Each structure stands twice: as structure tokens, then as C-alpha cells.
Amino acid sequence: MITLSQRLKRKNDAETVPASRAPIRDRLLVKEAQEMSQMLPSSCSVLYHNENDLSKFVLIVKPTEGYWEGGIFRFDIDVTEEYNMVPPLVKCSTKLWHPNISENGEVCLSLLRKHSVDGMGWSPIRRLNDVVWGLHALFTDLLNFEDPLNVEAADQYRYSQDNFKITVLEYVRNYAKE
Amino acid sequence: MADENENEKMDNENQKPEKMFTLKKWNAVAMWSWDVECDTCAICRVQVMDACLRCQAESKKDSYGKQDCVVVWGECNHSFHYCCMSLWVKQNNRCPLCQQEWSIQRMGK
Ligand SMILES: [Zn+2]
Ligand SMILES: [Zn+2]
Ligand SMILES: [Zn+2]
């Protein structure tokens, strides 16, 4: 009897070794989603595809000042099973003119970098709240235009902020309204 | 801890003597963050003296009893669950809290 139950246990263990991290992610998400909703910037809101799945949601940013003021920008956020060892996947589904966001929706934000060379990238101590505030800051701080994703936009900003502003408004009018 | 709180209270009273009520609230927050840095695994956010989130999840699944989930201290004096840290160093061999190169100082409970 003993050996049989031991064998069963061993078998169970072997099966749980490659287990997915999803249950861990989900436990982390219960707390993080709550924290995020409590500390959300006033210009942001969160929309879940499915109330029972905290791992997939849309962040909506409506900047109230700055170049992108008046636009409505949507980010698809996917918290994968390996969270929080890896950052969430973030894609901007609203077309916009921004040095740090490509026209395909790739987002350049240091804390979303999986492999960090400079200590600014992802770390498991970060939370969804940091991601949201980081994305929110893309519309308020115009600090980091080094290494841009949209080179043309970055150059335009560098040479003529007036022209940059005009292009941004054009994109907002065409793509970022309700 | 008690002495430190006393000092903080004094400092704060000098700045804003009229607001006793908010002052108390501020103290509570300060203590909470102190706990987080020293006693909680910053990766899974469970106390380092308890089993990590993963071990908790797995032992629940097969009612396997106690698991050997040990604590690891780095040269930087930051502590984590060994389980959590060994997953993270595979990706980036730095302490998630201070970004120093990670090397183990000791392990245990
Ligand atoms: Zn842990
Ligand atoms: Zn563990
Ligand atoms: Zn450290």
C-alpha cells in the first residue's frame, strides 16, 4: 500500500513539474487589478473583455492636456501566463502619431522591455499599476525621444514642434475619436 | 520601531501641528512599506517566512503537506523565496529590488 501511494504521489509530482504559471498569475492579478482600479489616473479607464478573466483588458487613455489632448487611445493589454516574470504584452490599437508608438501599435516603454540591460526594464516587483502609469506618461512627459519607434515623428518633433502638433491633431481627428 | 515612530511624529508635528488626524494615517502607511521591503518576497508578495505563491498553489492542489520553500538572501541583503528568485535569475541575474548583480549570501529559514 505504501509503495503504491508513494508511486502515485511521485506520478503526481512529475505531472505538476511543467505546470503552467497561470494559477500564480491569477492570484497576483486579483490584488493587482484591484490596486490598479483604485489608483487609476483620472484620464484613464479599464475595460475587461470578460469579467472572469483579469488577464486581458483594454486601457483607454483620454489625455486632458498636451499634444494628444482630446484623443481617445486604446491599449490592448495581455497578461501572459509567465507573469510576473515577464511584462504584460501591450499593443496600441488606436493609430496615432507618437515618437514612442509605431503606427502598427508597438509601444516603446522601458519597463515593458523583457530583457533589461540598464535596470530600467521589467522586474517582477513592478505591477499593473506601474504599467498603466507608464502608458499614461507617454501622453504627458515628452522626455525620452531617444531611440524612438516612429523615427519620422521624433525627427518632426525635433525640427518643428508646430508641424508635429499639426500631424498629431490630424491623426487624432482621423483615428482617435469615439 | 517605537522610537522611530515617535521621532517621525515629532517632525511632522513641527510642520503641521494642527493636523493630528492625517498624521496618524501617514504613520500607518510608512510602517506598511517598511514591512514590504524587509519581510515580504517582492516577487510573489507573500511573507518570506511562509511558502511562496507557487508552493502554496501546488500544495493546495495535491494536499501534499508542507513543502520545503526556503528563503534566500543576496549579498545586497535583500531576501526572497528561493523558488521565486531562481525563476527570475534565469532571465536577469540582478536583484529585482536594487538591480545589483545577484549573488547568494545565504539560504535558510
Ligand atoms: Zn516569493
Ligand atoms: Zn516556494
Ligand atoms: Zn538587492
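The values are calculated or read from the model by the stated rules, or taken from the named source; none is laboratory data. No experiment lies behind these values; they were computed from the predicted model shown. Virtual Cβ from ideal backbone geometry, glycine too; neighbours counted across all protein chains shown.
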Listed by first then second residue, the pairs whose first member lies in region B:80-102 and is under 19 Å from B:D39 (Cα atoms) and free of Cβ contacts under 8 Å to residues at least 40 places away in the same chain, whose partner is near ligand 1 (Cβ under 9 Å from one of its atoms) and among the small types (G, A, S), with beta carbons under 8 Å and at least 6 positions apart or on separate chains, are B:F80/B:A42
Those residues of region A:88-105 which are assigned to a loop (DSSP other than H, G, I, E, B), touching a helix residue (DSSP H, G or I) at 6+ places or on another chain (Cβ under 7 Å) and closer than 18 Å to A:P63 by Cα amount to A:T94, A:K95, A:L96, A:W97, A:P99
Exercise. So is A:E146 without any contact (Cβ under 8 Å) to a residue 12 or more places away in the chain, of a type outside the set (S, T, Y) and not in a loop (DSSP other than H, G, I, E, B) or not?
Worked result: no
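Condition first: surrounded by fewer than 20 Cβ atoms within 10 Å (Cβ to Cβ) and assigned to a helix (DSSP H, G or I). Can you find one or more residues in region A:78-87 that meet it?
Residues of region A:78-87 surrounded by fewer than 20 Cβ atoms within 10 Å (Cβ to Cβ): A:78, A:80-82, A:86.
With the extra rule that they be assigned to a helix (DSSP H, G or I), the set shrinks to none.
Among the residues of region A:78-87, not one is surrounded by fewer than 20 Cβ atoms within 10 Å (Cβ to Cβ) and assigned to a helix (DSSP H, G or I), which makes the answer no.
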Every listed condition ((1) within 13 Å of ligand 3 (Cβ to nearest atom); (2) modelled with pLDDT of 50 or more) holds for B:L87 save (1)
